[in-house]
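Report on the structure given below.
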Amino acid sequence: MSRVLVLFAHPDRGSFGGAVLERVSAGLQRAGHEVRLRDLYGESFESRLSIDEKRDHLSAPDTKPQLARDFDDLRWAEILVFVHPTWWGAQPAILKGWIDRTWARGVAWELPDGAKRLKPILSNVRRVVTFTTHGSPWRVNALQGVPGRRIANRSLRVICHPLCRTRWVAFYGMDSADDDRRRRFLRRVERVASRL
Amino acid sequence: MGTLETLVVLAHPDPSSFAHAAAERARRGLEAAGHTVRIVDLYALDYPGALRPDEWRAYESESPVLDPVVAHHIELVRSAEALVFVYPTWWSSLPAVLKAWFERTFVPGVAFVLDPRTRRVRPALGHVRHLVGITTYGSPRWYVKLVNDNGRRTIARTLRIATGRGTRVTWLPMYSLDGHDESARRAFLDRIESRLGRLR
């Protein structure tokens, strides 16, 4: 049993993306995990890093009370689960903004004196799992350079526990998919979620 | 020598930032070459950081544009022969506000058309001859390459599918931003101005 933070970034809970979230939640519940859900659209999350947050990007987390809940969620999680449509090859802006603002100094990384790059400190996160849908077929996403997958599985993963594992569960060609393919994907989503 | 209609999209919260200085030098270089320059400064516009739910519902409808600001930006994009993006790279990719600009501006009918019969996407930004990225990275080059430069991929690959193969990509990166002294920063700004002055 693990602590799972689910980040949901879809504007409509009644959409296929919302159905994916339901199956993720069902799978996680079946596995007995402790789950926190963040519905970024539902809570109208402010995704823009502010000018103060930019100027104070080296300041300690307790100087940013507006992000206290986000910091607490990120520090609490052992498994990070992203559920979102892929738009322009990557995470929706609202989710990118949650990353821009929450993966801050003192929570995700440190910058020791004289260091040339970040020192990862998010060692509580041991798995990063994404459930996503693509409107276009797999080969189009391959041409695009799969930026969304690389943001999650590389750029974020290197900040997590050194043995952190990643998983990318994607539904391609949604714009032309029939109901049968959609149902099969939803079953797969629940199966994967229940085995995390 | 023809002149180009150019659109500079800038995404940094701080008006005194290096990115703002870079956008200003890009403008000077383009204008010196006789090009027309329009600048969209997203933070100065208080541009939203997400595609809105009502915009998502309208996305595949006949009229996916609900906000006059978006409609204006679409006009700018439609007349642009060069798109210049100026932004800091965060988490290997675009700041949220710039990603939101992609999602809201490049809707069906603008960046691509969805063939109603095959449900396939066809590119619609063929008039854009140049894509230019000007970006700063906190990390050194080898690290950027290790995690993949996903902002660059979004512009040079994902967006380029919508512009077509004839579109040239110009990338002006400054790695290890915090490790550079004033003279290196000035040299980078000079390079931006001269490089954009040579855009044809």
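Quick notes on this one:
- The range B:5-197: C-alpha pair distances exceeding 31 Å, %: 16
- Net lengthening on full extension, B:ALA32/B:LYS145 (0.36 nm per residue, minus Cα-Cα): 37.3 nm
- Shielding by partners for peptide B:85-97, expressed as the average number of C-beta atoms from other protein chains within 10 Å of each residue's C-beta, is 6.
- Placing dummy labels 7 Å off each Cα toward the beta-carbon, the span from A:ARG55 to B:VAL113 is 4.9 nm.
- Over all pairs of different C-alpha atoms, the protein assembly as shown has a mean inverse distance whose reciprocal, the Kirkwood radius, equals 21.6 Å.
- Test item: B:46-55 mean partner chain Cβ contacts at 10 Å: 5
- The modelled label-to-label distance for the pair A:ASN124/A:ASP178, using points 7 Å beyond Cα in the direction of Cβ, is 4.7 nm.
- Look at where the Cα atoms of the range B:42-77 and of the range B:119-147 average out, and the two centres are 21 Å apart.
- Rounded to two decimals, the Cα-based Rg/Rh of the range A:3-194, with Kirkwood Rh, is 0.97.
- With all projection directions averaged, the alpha carbon convex hull of the range B:132-192 covers 4.5 nm².
- For B:ARG28, net neighbour charge (Lys/Arg +1, Asp/Glu -1) across residues whose Cβ lies under 15 Å away: +3
- Overall form of the range B:49-101 per C-alpha gyration tensor (a/c, 1.5; a/b vs b/c): oblate
- 10 Å Cβ neighbours from other chains, averaged over peptide A:96-105: 4
- Using alpha-carbon coordinates, inclination of helix A:16-30 to the longest axis of chain A, degrees: 80
- Distance from the range A:10-38 to the range A:107-151 (C-alpha centre basis), Å: 21
Values in this text are rule-based calculations from the coordinates and carry no lab data. The model shown is predicted, which means the values in this text are computed figures rather than measured ones. With ideal geometry, Cβ positions are generated from the backbone for all residues, glycine too; neighbour counts draw on all protein chains shown.
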